[in-house]
Amino acid sequence: MPETNNDIFQIALKESVHFSVKTINSNIEKGGLRLSKQQALDLTYLSARTLLKENFLIPTDYQANAGKTASIFKVVKAAMLGDDISSEEVEFQQQVKQLQPHIDTIFDEPYQAGTDDLDIRMRQLLIPKNGEYISISPLTAAGVNYLINQEVDFINETRKEKDSEFNRIQTAVFGIGGANPQNVGSLVRSMQRPITLDAPKNDQDARVAFKIFHSGFDYYIPNKILIKNEEEIIPDIILWSKLLEKQLLATAQNEHQKWHSLEVYSPETNVRVRRGEMKFLKKIFNLVNYQGQQYLQLLKNMQEKLPVYTKTDEQQKDSLTPFLHPDVPFIKQGLIVPELRDDIWRIEFANDLAENIIGKSFMIHPDFPPITLSLDENAKGYLARRLREIVR
């Protein structure tokens with residue numbers, strides 16, 4: 001066949017594109033873009049540019065079907081995909097053979113056509129940038145869909161074999177290309193088979209673990225601090241709560257001894273008061289400490305899924321534990337990970353716990369009225385000092 005007659009196939013090849021605007025709306029004017037080898041991208045996701053980096057030949061397609069375009073492009077498609085054409089007519093085989101040497105050269109430089117003025121019917125995303133918005137119209141490369149479909153078909157066929165390790169890949173039917181997809185492109189049917197995935201199952205433990213990793217947790221102090229199997233100590237706790245407010249006030253008004261300057265908030269006590277006091281405060285601490293233990297166990301169970309913190313120019317903090325991000329407040333970190341509890345932590349946590357106790361009422365037994373702890377700075381300082389002896 002004369003070389004000049006092969007020009008129509010070379011022209012069709014040179015005008016072919018990876019991304020066609022008509023795949024968005026088949027009624028708009030034709031246009032599209034073709035990537036070059038220099039636009040290859042070395043990243044760990046699947047796209048036209050990353051496939052170029054792996055030396056895949058991504059088939060291109062015509063921009064629109066006009067006249068004999070679809071028929072002419074059958075030669076281009078066969079030459080590009082390396083299809084078996086042994087059963088085709090001799091003339092067709094010669095046309096494909098003459099065109100094949102020109103395939104690689106079209107990817108030396110990028111190409112675009114019909115992109116100077118985009119049709120308003122193109123889908124658009126408005127992306128904020130520098131206080132303004134830029135309009136982006138996402139396009140899909142039909143050739144990438146073609147390559148994916150090849151793999152899907154291979155896997156689905158292979159899984160039929162005995163002892164196959166493959167699972168079937170589910171695909172759906174997606175209408176694209178209008179009433180006659182061939183008018184949009186020869187590969188557009190490859191875009192009609194999207195892969196479908198089952199919705200991810202809700203993993204509540206993983207969700208909570210990620211939340212704890214990034215922000216810790218706010219401990220909870222219940223209103224019921226029930227004293228079971230030790231009813232004999234309940235009168236001591238009630239006595240302690242009643243004397244507490246009275247003695248705190250007396251201590252605060254004592255200008256002669258200046259107890260507060262020595263961080264002494266209650267100068268008087270006795271064995272009963274002391275016993276009730278320690279029992280009640282230990283009960284509260286154990287309840288709060290148990291919450292931290294539960295979350296630590298959850299983090300350990302989910303450790304493989306947790307993020308790995310890496311110190312960078314933007315993140316300068318040192319990680320104290322792999323279970324928590326360094327931005328988690330120190331009090332919360334120590335409550336979850338006991339190994340982080342030093343003297344500074346005990347003081348800070350005792351102050352925080354005391355602040356969350358004062359001014360509240362607690363039921364310690366159904367047969368007794370609730371006890372109420374004084375709501376003032378005297379009570380906070382007193383309870384914090386007592387809690388330092390308990391917190392470990």
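Tabulated data for the structure shown
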quantity	calculated
Relative contact order %, the chain, counting alpha carbon pairs below 8 Å whose residues are six or more apart	14
Rounded tilt (10° steps) of 204-215 against the dominant C-alpha axis of the chain	70
C-alpha center-to-center spacing [the stretch 58-72, the stretch 334-374] in angstrom	76
Cα gyration tensor, the stretch 3-192 - rounded (a/c under 1.5), prolate or oblate	oblate
Net length gained if the chain between SER71 and VAL208 were fully extended (0.36 nm per residue, minus Cα distance)	43.5 nm
Per-pair calculated FRET efficiency, R0 = 41 Å: ASP163 and SER137 via Cβ, rounded to 0.05	0.30
Long-range amide H partners of THR171 with built H, under 5 Å	THR196
Contact order normalised by residue count of the stretch 22-97, Cα under 8 Å, 6+ apart, percent	20
Order by protection proxy (mean Cβ within 10 Å, highest first), peptides 231-237, 109-115	231-237, 109-115
Ordering of 299-305, 59-65, 273-279 by packing [mean C-beta count within 10 Å, highest first]	59-65, 273-279, 299-305
Protection proxy ranking of 157-170, 215-228 - average other beta-carbon atoms within 10 Å, highest first	215-228, 157-170
Ranked ARG388, ARG207, ARG34, criterion: other C-beta atoms within 10 Å, fewest first	ARG207, ARG388, ARG34
Separation of the LYS228 and ASP7 label points, Cα + 7 Å toward Cβ, nm	9.5
Label-point separation, THR310 to ILE155 (7 Å along Cα→Cβ), nm	2.7
Local electrostatic count at ASP203 - Lys and Arg +1, Asp and Glu -1, tallied over other residues with Cβ under 15 Å	+1
Order of ASP343, ASP203 under a 10 Å beta carbon neighbour criterion, fewest first	ASP343, ASP203
Theoretical FRET efficiency, 1/(1+(r/R0)^6), r = Cβ-Cβ of LYS97 and LEU126, R0 56 Å, to 0.05	0.70
Relative contact order for the stretch 3-192, counting Cα pairs under 8 Å that sit 6 or more residues apart, in percent	28
Candidate values (i) 117, 56, 37; (ii) 105, 41, 34; (iii) 160, 39, 32, label of the one derived for Cα extents along the principal axes in Å	(i)
Principal-axis tilt of helix 142-158 within the chain, Cα atoms, nearest 10 degrees	80
Cβ-placed point charges (K, R +1; D, E -1), dipole of the stretch 3-192 about Cα centre in debye, nearest 20	560
Charge dipole (the chain, unit charges on Cβ, about Cα centre) - positive-most of ALA379, PRO307, PHE19	ALA379
Folded to 0 to 90 degrees: helix 271-301 orientation relative to the chain principal axis, Cα	10
The chain: calculated mean residue ellipticity at 222 nm from DSSP helix runs of at least 4, using -39500 (n - 2.57)	-12500 deg cm²/dmol
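Every number here is computed from the coordinates shown, using simple stated rules; none is lab data. In this text the structure is predicted, and so the values were computed from the model without any measurement. Positions of Cβ are backbone-derived with ideal geometry, glycine not excepted, and every protein chain shown enters the neighbour counts.
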